[in-house]
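Structure first, commentary second.
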Amino acid sequence: VTMKKTIVKVKGMHCKSCEMLIKDALEEEKGVSRVNASYENGEVIVIYDHEKINENKIKSIIKEEGFEV
């Protein structure tokens with residue numbers, strides 16, 4: 001399995017619970033291996049299996065949680 005890493009710039013995260021919302025939503029998805037969300041840096045780092053999920057899907061999940069990418 002070839003894992004990919006993407007860094008998504010996210011607007012609207014302003015606290016730890018924002019990070020947790022995104023982390024929990026992404027970790028529920030098949031193919032997502034690891035999520036590191038940082039409101040200080042305004043970014044979410046995702047390690048994922050590109051055969052099961054892609055960057056566009058990752059971004060749409062973040063948007064569904066109410067954040068801007």
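The values are calculated or read from the model by the stated rules, or taken from the named source; none is laboratory data. Worth saying up front: this structure is predicted, and the values here are computed from it rather than measured. No Cβ is skipped: glycine too gets one built from the backbone with ideal geometry, and neighbour counts run over all protein chains shown. With ligands, DNA and RNA removed, areas are computed over all heavy atoms of the protein, side chains included. Shrake-Rupley method; radii C 1.70, N 1.55, O 1.52, S 1.80 Å.
Search the range 38-69 for residues being assigned to a loop (DSSP other than H, G, I, E, B) and without any contact (Cβ under 8 Å) to a residue 12 or more places away in the chain, and hand back the single one that is most open to solvent (accessible area, probe 1.4 Å).
40
Out of curiosity, is residue 35 part of a strand (DSSP E or B) and free of Cβ contacts under 8 Å to residues at least 24 places away in the same chain?
yes
Using beta carbons and a limit of 9 Å, which pairs, at least six apart or on different chains, have the first residue in the range 16-29 and of a type in the set (Lys, Arg) and the second one open to solvent by 80 Å² or more (accessible area, probe 1.4 Å)?
Every condition considered, the pairs that remain are 23/36.
How many of the residues in the range 1-32 are aliphatic (A, V, I, L, M), under 13 Å from residue 63 (Cα atoms) and part of a loop (DSSP other than H, G, I, E, B)?
So the answer is 2.
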